[in-house]
Amino acid sequence: METLSEDGQSVPHNCEHLKKRKQNMKVQTNTEAAQKSNEACQDQIDQKVMVREAPDRGNIVAPSVSCSLEKETFCFAGHEISIRESVDAYGALIWPGAVALCQFLENNQRQVDLLDKAVLEIGAGTGLLSIVASLLGARVTATDLPDILSNLTFNLMRNTKGRCGHTPTVAALTWGQDLESNFPHKSFHYDYVLAADVVYHHRCLEELLRTMHHFCRPGSQTTVLWANKIRFPSDLKFTERFESSFNSTLLIELPQQEVRIYKATAKE
């Protein structure tokens, strides 16, 4: 069967089909390009939001190796805690969720008794939350990306040596990757999984949720304590996924800081 081209010439049907297919592919390519452009614009907007939370700390472009260093001092569990930060990495700055969860743990020790409990922190960053958990008596494993571990280890050792019954340990953990091989269920069990401000400007939310599920699975009796400042629409979407994936409870909401703290256990 044949059709006529625009100049009146006879065109085989399969050629006409190929022409339409090429047109559709061009439209699809243009659509994908527009989507990527919109995502890039949104990335820039989201990054500006993150930068505004860290005034006078330099230009945070993306998570990277620590360069310029600053120090912040806190007081938790009867100890002064000195934290070395980097102005060049999201993971090497202290964010509101970490401070809020530290305060919650200190003020609610009967509700959340960490004494001699096995505790895992994912996305530990500077280590503030892991330090406080250690000072409250927990056996802590602090995890983050490999390029964050040097500063994380420095802060942990600096603030826990001679102060804690259990020396905290540090391990590399990339969300969603090699979980069963690096943290097999038979060998690794935690009473609590701590996470603070792990939901922000990044594209690993599915991997983060998968990591939470790995450590807080049915029958594990593990409790997740997650604190986060709500900044972006994606934060709310993740919160909905989190609430539907676990037996979750909103423990506290701090409107002024825009921080929520959740408690969750696995659905049996």
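None of the figures in this text is laboratory data; all of them are computed from the coordinates on show. Computed from a prediction, not measured in an experiment: that's the story for all the values here. Using ideal geometry, Cβ is built from the backbone for each residue, glycine included, and neighbour counts are taken over all protein chains shown.
Of note:
- In the stretch 123-181, the trypsin sites (Lys or Arg not before Pro) that fall in loop regions by DSSP, at most 14 other Cβ within 10 Å: 161, 163
- Under the convention that each Lys and Arg Cβ holds +1 and each Asp and Glu Cβ holds -1, the size of the dipole of the stretch 183-245 around its Cα centre is about 120 debye.
- Annotation: peptides 143-149, 170-176, ranked by per-residue average of other Cβ atoms within 10 Å with the highest first, follow the order 143-149, 170-176.
- Cβ-derived FRET efficiency at R0 45 Å, residue 75 paired with residue 240, nearest 0.05: 0.80
- Spin-label model distance (nm) - residue 185 vs residue 267, 7 Å beyond Cα toward Cβ: 1.7 nm
- When the Cα positions of 188, 103, 252 are compared along the charge dipole of the stretch 69-266, 188 comes out farthest toward the positive end, with charges on each C-beta of Lys, Arg, Asp and Glu.
- Kirkwood Rh in Å, taken over the stretch 69-266 so that all alpha-carbon pairs contribute: 16.6 Å
- A Förster radius of 22 Å combined with the Cβ-Cβ distance from residue 178 to residue 150 puts the calculated FRET efficiency at roughly 0.60.
- Of all DSSP beta bridges confined to the stretch 157-268, the antiparallel ones make up roughly 75%.
- Label-to-label distance for residue 210 and residue 167 is 3.4 nm, based on points extended 7 Å past Cα in the beta-carbon direction.
- Magnitude of the charge dipole, the stretch 69-266, Cβ model with Lys/Arg +1 and Asp/Glu -1, debye to 20: 340 debye
- Per-peptide average of other Cβ atoms within 10 Å, ordering 257-263, 108-114, 194-200 highest first: 194-200, 257-263, 108-114
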